[in-house]
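The values are calculated or read from the model by the stated rules, or taken from the named source; none is laboratory data. These numbers were taken from a predicted model, which means no experiment stands behind them. Note: ideal-geometry Cβ built from the backbone for every residue, glycine included; neighbour counts use all protein chains shown.
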Amino acid sequence: MAISDKLYNRSYPDLLRYYNTDKFGHSVVFGALYGITAGVAHSVQYGLAALLKAVNEGIYNYRDDVIDYEGKAADMKKFFVSGGFKIVYDTDLDVPIADGFYFTVSYPGMTGRELLQELLRYGISTISLDITGSERTEGLRVCVSMVPRDIFPELQQRLKTFNENHPVNKN
């Protein structure tokens, strides 16, 4: 990435909402680039560089490969909510979170770890929020990307069966 010295050193006070500095360059390097490259093998960094180059040259439109995540996430959220689950993180700084790569759920009366263990019995794999650095440990992170639409009916049925076997106390 190349950034002019003038832009690199420019201050944007609103950056302080997300980063520990208002300097654009420092925020980009240590807030974005570092986060996506730290601890990543050299060959993978070359792959990312090639991918970004193809995007910038108009050869590859990555959005085409991920655009369906929004619709899949919205559908999957409906399945979980209709099965008694609650969305854990539904806003970020009071702004509704867009549907995308993953979403978070909880189930009344169960910790994240208990829920994870129990869902595995129904053939549903997730990760608990307590390993993601979340301050909320009562939930799970549900990945959207690796769930093909053709198994949605099965997912719906498994969540329905889970809910029937673990009724939510509505009192």
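Listing for the model above:
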quantity	calculated
Test: Gln157 is under 19 Å from Lys72 (Cβ atoms) and part of a helix (DSSP H, G or I)	yes
Verdict on Tyr89 being surrounded by 13 or more Cβ atoms within 10 Å (Cβ to Cβ), over 22 Å from Ile151 (Cα atoms), assigned by TED's automatic domain parsing to the domain that holds Ser134 and touching a Lys or Arg at 6+ places or on another chain (Cβ under 9 Å)	yes
Sole residue being exposed (fewer than 15 other Cβ atoms within 10 Å of the Cβ), under 24 Å from Met146 (Cβ atoms) and either modelled with pLDDT of 90 or more or not basic (Lys, Arg) (or both), chosen from Gly84, Gly58, Gly47	Gly47
Top-ranked residue of segment 140-157 - restricted to ones that are touching a residue at least 40 places away in the same chain (Cβ under 8 Å) and either among the β-branched types (Val, Ile, Thr) or outside the structural domain of Lys78 (by TED's automatic domain parsing) (or both), ranked as nearest to Leu120 (Cα to Cα)	Val142
Residues satisfying the stated conditions in segment 1-28, i.e. of a type outside the set (Lys, Arg), under 25 Å from Leu93 (Cα atoms) and touching a residue at least 24 places away in the same chain (Cβ under 8 Å)	Val28
Residue tally, condition outside any helix (DSSP H, G or I) and surrounded by 12 or more Cβ atoms within 10 Å (Cβ to Cβ), over segment 12-22	4
Helices (runs of 4 or more DSSP H) contained in segment 23-84 and holding at least 3 residues more than 30 Å from Glu164 (Cα to Cα) and not basic (Lys, Arg)	34-37, 42-56, 63-66
Segment 128-142, residues that are among the hydrophobic types (A, V, I, L, M, F, W, C) and assigned to a strand (DSSP E or B)	Leu140, Val142
Residue match in segment 56-66 (condition: under 30 Å from Ser125 (Cα atoms) and touching a residue at least 12 places away in the same chain (Cβ under 8 Å))	yes
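Quick grid of which residues meet (1) in contact with a Gly (Cβ under 8 Å, 6 or more places away or on another chain); (2) surrounded by fewer than 16 Cβ atoms within 10 Å (Cβ to Cβ); (3) within 27 Å of Tyr62 (Cβ to Cβ); (4) free of Cβ contacts under 8 Å to residues at least 12 places away in the same chain:
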site: Leu93; (1), (2), (3), (4): no, yes, yes, no
site: Phe103; (1), (2), (3), (4): no, no, yes, no
site: Gly109; (1), (2), (3), (4): no, yes, no, no
site: Leu116; (1), (2), (3), (4): no, no, no, no
site: Thr132; (1), (2), (3), (4): no, yes, yes, yes
site: Glu135; (1), (2), (3), (4): no, yes, no, yes
site: Leu159; (1), (2), (3), (4): yes, no, no, no
